[in-house]
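Asks: Mind looking over this structure? Questions follow.
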Amino acid sequence: MTSLKNKVVIIAGASSGIGEATARRLANEGAKLVIGARREERLKQLVASLPDAEIDYQAADVSKPEDLESLAKLAVDKYGRIDVMFNNAGVMPTSNLSEVRRHEWQQMLDINIMGVLNGIAAVLPIMKQQQSGHIIATDSVAGHVVYPGSAVYCGTKFAVRAIMEGLRQEERENNIRTTIVSPGAVDTELYQTINDPGTSEWVKNNQRTPGLGLTSEQIADAVAYAIGTPESVAINELLIRPTKQSI
């Protein structure tokens, strides 16, 4: 594993959960971080808790291309390059299709799919010029299997998987690596984006059952592992389930 020290890493969706844990993990390894999320106060708190880290932040909504372009500009202006883009932001307002929650469908399309595409678009020209770079996206077990009540969410995660594989094929000759990290149940705030009370409670309880839900720190370890492999090695897919998870 190569050193993560001085790696220039952008993390979108860094205010909690996997994004926050990854920021802490990489900061402890000496990476130079540019983090973004909609909740600016959370970003301020995270930066304040890492006084020895090289870390900058900006409020960023991944559904807005200009916000991610601004994060990329901040990284290049300060450090002269971008080594890693981690597209981590996501929402999961799951429900049956028969409930016709069009607003929630659109929200998932805007954040889970367009957010990843916006992140790719913000850094890809820079990485092509560098002839190096690593683009990572948080996917899900839901990008590999479909289950009732989550058709649209699964669809967005299948889309991310396809987009990232297309990116791999298109940019491999430019020495740009791609990784999707597909967790199973993780104890994060993601369940709070589920508006149906019964479904939200069920997901929350299952994530927090001892021995079932993974921790954000465990996923952050996987992200750090993928980043730390030599440039000649691309960890394209990491599918990470709790041992006792059924699907």
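The values are calculated or read from the model by the stated rules, or taken from the named source; none is laboratory data. Note that the structure is a prediction, hence the values are computed from the model and not measured. Positions of Cβ are backbone-derived with ideal geometry, glycine not excepted, and every protein chain shown enters the neighbour counts. Areas reflect the complete protein model, heavy atoms only, side chains present, ligands, DNA and RNA absent. Shrake-Rupley method; radii C 1.70, N 1.55, O 1.52, S 1.80 Å.
Asks: Using a 1.4 Å probe, how large is the accessible area of residue 246, given in Å² and rounded to the nearest 10?
Replies: Counting only protein heavy atoms, residue 246 exposes about 110 Å² to solvent.
Asks: Express the relative contact order of the chain as a whole percentage, based on alpha carbon pairs under 8 Å and six or more residues apart in sequence.
Replies: 21 percent
Asks: So what J values fall out for the stretch 145-159 if you push phi through Karplus, 6.51 cos²θ - 1.76 cosθ + 1.60 with θ = phi - 60°, rounded to Hz, Gly and Pro as x?
Replies: 9, 10, 9, x, x, 9, 4, 6, 4, 4, x, 5, 6, 4, 4
Asks: How big is the Cα convex hull of the chain in projection, averaged over all directions, in nm²?
Replies: For the chain, averaging the hull's shadow over all directions gives 12.5 nm².
Asks: Cα convex hull of the stretch 1-57: how many Å³ per residue?
Replies: 66 Å³
Asks: In square angstrom, what is the accessible area per residue of the stretch 21-123 with a 1.4 angstrom probe?
Replies: The answer is 46 Å² per residue.
Asks: Give the angle, between 0 and 90 degrees and rounded to the nearest 10, that separates the Cα long axis of helix 197-207 from the longest principal axis of the Cα atoms of the chain.
Replies: Tilt relative to the chain: about 60 degrees.
Asks: If each residue of separation counts as 0.36 nm, what is the full-extension length gain between residue 77 and residue 218 once their alpha-carbon separation is subtracted?
Replies: Taking 0.36 nm per residue and subtracting the Cα distance, the gain is 47.6 nm.
Asks: Rounded to the nearest 10 Å², what accessible area does residue 144 have for a 1.4 Å probe in the complete protein model?
Replies: In the full protein context, residue 144 sits at about 50 Å².
Asks: While we're here: What are the ³J(HN,Hα) values, in whole Hz, obtained from phi via the Karplus relation 6.51 cos²θ - 1.76 cosθ + 1.60 with θ = phi - 60°, for each residue of the stretch 96-102 in sequence order, with x given for Gly and Pro?
Replies: 5, 4, 5, 7, 6, 8, 4
Asks: Given the protein chains as shown and a 1.4 Å probe, how many square angstrom of residue 225 are accessible, to the nearest 10?
Replies: 110 Å²
Asks: In the chain, carbon and sulfur make up what percent of the accessible area (probe 1.4 Å)?
Replies: Taking all protein chains in place, the chain shows 50 percent carbon and sulfur surface.
Asks: Oh, and also: Among 5/157; 5/128; 5/32, which pairs are too far apart, with a Cα-Cα distance over 19 Å?
Replies: Table pairs above 19 Å Cα-Cα are 5/157; 5/128.
Asks: Next question. Once you put a point 7 Å from the Cα of residue 131 and another 7 Å from the Cα of residue 106, both along the Cβ direction, what distance in nm separates them?
Replies: Result for the modelled spin labels: 4.5 nm.
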